[in-house]
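K.L.:
Below you'll find the structure I mean.
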Amino acid sequence: MRLTPLNIVLACVITWIISEWGSEQLLLPWWQVALFTGSLLFADILFRVFVKDIKKLWILEIGFVLVSGILAVGLKIFWN
């Protein structure tokens, strides 16, 4: 398995969730973490199936992470 930006993001998120596991207030409930993890895995598999060139794969996945992050922050600001 090759290392891709979505794998790196997933590893960072899982490490962060595990480090926060003992605290009383978790940022997200477990089902949202599972849904987020599943969606990242699904997106990574889709990118790997449709994009064969590793350079294009990295560029598209980095763009996907950036756009997703910007949308998440925008939605959080809009709804709060």
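The values are calculated or read from the model by the stated rules, or taken from the named source; none is laboratory data. These figures come from a predicted structure and were not determined experimentally. Neighbour counts run over all protein chains shown; Cβ positions are idealised from the backbone, glycine included. Note: areas computed on protein heavy atoms with side chains; ligands, DNA, RNA excluded. Shrake-Rupley method; radii C 1.70, N 1.55, O 1.52, S 1.80 Å.
K.L.:
Could you give me the residue pairs with C-beta distances under 9 Å whose first residue belongs to segment 41-62 and is open to solvent by less than 70 Å² (accessible area, probe 1.4 Å), whose second residue is small (G, A, S) wherever it lies, and which are 6+ apart or on separate chains?
P.N.:
These pairs meet every condition: A43/S68; E61/A43.
K.L.:
Would a scan of segment 58-77 turn up a residue that is assigned to a loop (DSSP other than H, G, I, E, B) and touching a helix residue (DSSP H, G or I) at 6+ places or on another chain (Cβ under 6 Å)?
P.N.:
No: zero hits.
K.L.:
Just wondering, is there one or more residues in segment 17-30 that are of a type in the set (S, T, Y) and more than 19 Å from S68 (Cα to Cα)?
P.N.:
yes
K.L.:
Give the residues of segment 1-36 that are in contact (Cβ under 8 Å) with a residue 40 or more places away in the chain and either among the hydrophobic types (A, V, I, L, M, F, W, C) or outside any loop (DSSP other than H, G, I, E, B) (or both), sorted by residue number.
P.N.:
P5, L6, V9
K.L.:
Quick one: E20 ticks every box in (1) exposed (fewer than 10 other Cβ atoms within 10 Å of the Cβ); (2) at pLDDT below 90 bar one, so which box is it?
P.N.:
E20 satisfies all of (1) exposed (fewer than 10 other Cβ atoms within 10 Å of the Cβ); (2) at pLDDT below 90 except (1).
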